[in-house]
Amino acid sequence: MARNNDIPVYLVAGFLDGGKTNFINGILQDGFAREERTLLICCEEGEEEYDPKALENVTVVQVENEEDLKCSTLKAWEKQYRPRQVLIEYNGMWQMERLYREVLPANWVLYQIMTFVDASTFEPYARNMGQLMMEKVMNTDLLVFNRCTPELRESLRQRNLRMVNRQADIYFENLDGTSEDYLTGDECPFDLSQEVIRIPDEDFGVWYVDVMDHPDRYVGKTVHMKLIMCHSKQYPGTLCPGRFAMVCCENDVQFLGLVAKGEGLAQYQNREWIEVTAQMALESHPAYQGEGPVMRVTSVARCEKPAQEVVSF
């Protein structure tokens, strides 16, 4: 529940020349600060400047060094400028986790994270600074790729960024001024006309993203794959076999599991490799906080682990 002294914070993230300042100018020109006194904290100075005509109800403060961004400084600005909302243009080279854990005062409530990326520089940044880049992608509510060409759109779609962040709204801003959704809604990476849809070991991650985004398209379909058994600690009695996946780097390995039901499943121990055939269903379960894909296992047996144990994207 919001308190009377809570201050909403809107975090604009991304690397240099990603389009952060243009976005801020746009929302200010559209009246974002017209009704509410706004504090704009600029942590990165690029070629673009803020539009002076849109700063009538906005106080801009500059932060040049990461160590200068401290909770005590923010509290002092709150007392001095009495903002009703805060915009932060964050430096792409600074860790966002520090901001969450150490910098934001308790009554500064992070309402939304928006990340802007120059599509042409995403691959080099992801390759050379994977942790910094993926931290922003994983935590954002809105992800916008600017300056997109058809080739860049195709490359980014092949990266399965929905795996990195399934909750974010992702958009492409094209060179011709048009925009489009990251997902077209028509993609299906597997032939659903098969009697049994066999999921190759190396393609489990692709299938997991698709079944989580479009569980309805698999309802009633039979699938076959190798998985690692997992007995959920968070939801006792729930079986959720899956695979470990490297989302962005070796230090970021996550377990991707699905709720499974079926006779004989419970006899397998955690981390045992099993080969399963299952009919997919859509059911409500606490693990999904609503409806999600459920594997109704019809056959299961121990198996040898695949050559590549960890899924990559």
Odd one out for Gly237, checked against (1) in contact (Cβ under 8 Å) with a residue 24 or more places away in the chain; (2) open to solvent by 50 Å² or more (accessible area, probe 1.4 Å):
(1)
Report yes if some residue within segment 207-216 is more than 18 Å from the chain's Cα centre (by Cα), surrounded by 12 or more Cβ atoms within 10 Å (Cβ to Cβ) and part of a loop (DSSP other than H, G, I, E, B); otherwise report no.
no
Counting just the residues of segment 43-102 that are small (Gly, Ala, Ser) and open to solvent by less than 20 Å² (accessible area, probe 1.4 Å), which one comes out farthest from Val137 (Cα to Cα)?
Ala54
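So which of Glu263, Glu275 ends up being among the acidic types (Asp, Glu) and surrounded by 13 or more Cβ atoms within 10 Å (Cβ to Cβ)?
Numbers: Glu263 fails: surrounded by 13 or more Cβ atoms within 10 Å (Cβ to Cβ).
Of the residues listed, the single one that is among the acidic types (Asp, Glu) and surrounded by 13 or more Cβ atoms within 10 Å (Cβ to Cβ) is Glu275.
Yes or no, residue by residue, for (1) of a type in the set (Ser, Thr, Tyr); (2) closer than 25 Å to Arg147 by Cα:
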{"residue": "Glu45", "(1), (2)": "no, yes"}
{"residue": "Val58", "(1), (2)": "no, no"}
{"residue": "Gln62", "(1), (2)": "no, no"}
{"residue": "Arg84", "(1), (2)": "no, no"}
{"residue": "Glu97", "(1), (2)": "no, no"}
{"residue": "Pro105", "(1), (2)": "no, no"}
{"residue": "Tyr111", "(1), (2)": "yes, no"}
Segment 287-308 - residue that is outside any strand (DSSP E or B) and either of a type in the set (S, T, N, Q) or open to solvent by 80 Å² or more (accessible area, probe 1.4 Å) (or both) and, of those, nearest to Lys261 (Cα to Cα):
Gln289
Among residues of segment 2-45, those that are at positive phi and free of Cβ contacts under 8 Å to residues at least 12 places away in the same chain, counted
1
Do any residues in segment 118-146 that are over 20 Å from Leu183 (Cβ atoms) and touching a residue at least 40 places away in the same chain (Cβ under 8 Å) have Cβ atoms under 7 Å from those of residues that are among the hydrophobic types (A, V, I, L, M, F, W, C) and open to solvent by 60 Å² or more (accessible area, probe 1.4 Å), where the two are at least six apart or on different chains, and which pairs are they?
Leu132/Met93
Being part of a helix (DSSP H, G or I), closer than 20 Å to Val12 by Cβ, modelled with pLDDT under 95 and charged (D, E, K, R) is true for just one of Glu123, Glu154, Glu97. Which residue is that?
Glu97
Exception for Asp203 within (1) on the phi < 0 side of the Ramachandran plot; (2) open to solvent by 40 Å² or more (accessible area, probe 1.4 Å); (3) free of Cβ contacts under 8 Å to residues at least 40 places away in the same chain; (4) outside any helix (DSSP H, G or I) falls at (4)
Quick one: is Cys240 of a type outside the set (S, T, N, Q), at pLDDT 95 or above, within 20 Å of Phe204 (Cα to Cα) and touching a Ser or Thr at 6+ places or on another chain (Cβ under 8 Å)?
yes
Do we have any residue at all in segment 253-260 that's surrounded by 14 or more Cβ atoms within 10 Å (Cβ to Cβ), more than 30 Å from Gly130 (Cβ to Cβ) and more than 24 Å from the chain's Cα centre (by Cα)?
yes
Look at Pro105 and say whether it is at pLDDT 95 or above, in contact with a strand residue (DSSP E or B) (Cβ under 9 Å, 6 or more places away or on another chain) and part of a loop (DSSP other than H, G, I, E, B).
yes
Name the residues in segment 15-40 that are over 24 Å from the mean Cα position of the chain (by Cα) and within 25 Å of Gln80 (Cβ to Cβ), would you?
Asn25, Leu28, Gly31, Phe32, Ala33, Arg34, Glu35, Glu36, Arg37, Thr38, Leu39, Leu40
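The values are calculated or read from the model by the stated rules, or taken from the named source; none is laboratory data. Quantities reported herein were computed from a predicted structural model and do not represent experimental measurements. Cβ coordinates were reconstructed from backbone atoms using ideal geometry, including for glycine residues, and neighbour counts include every protein chain displayed. To get the accessible areas, we keep the full protein, side chains included, count just its heavy atoms, and leave off ligands, DNA and RNA. Shrake-Rupley method; radii C 1.70, N 1.55, O 1.52, S 1.80 Å.
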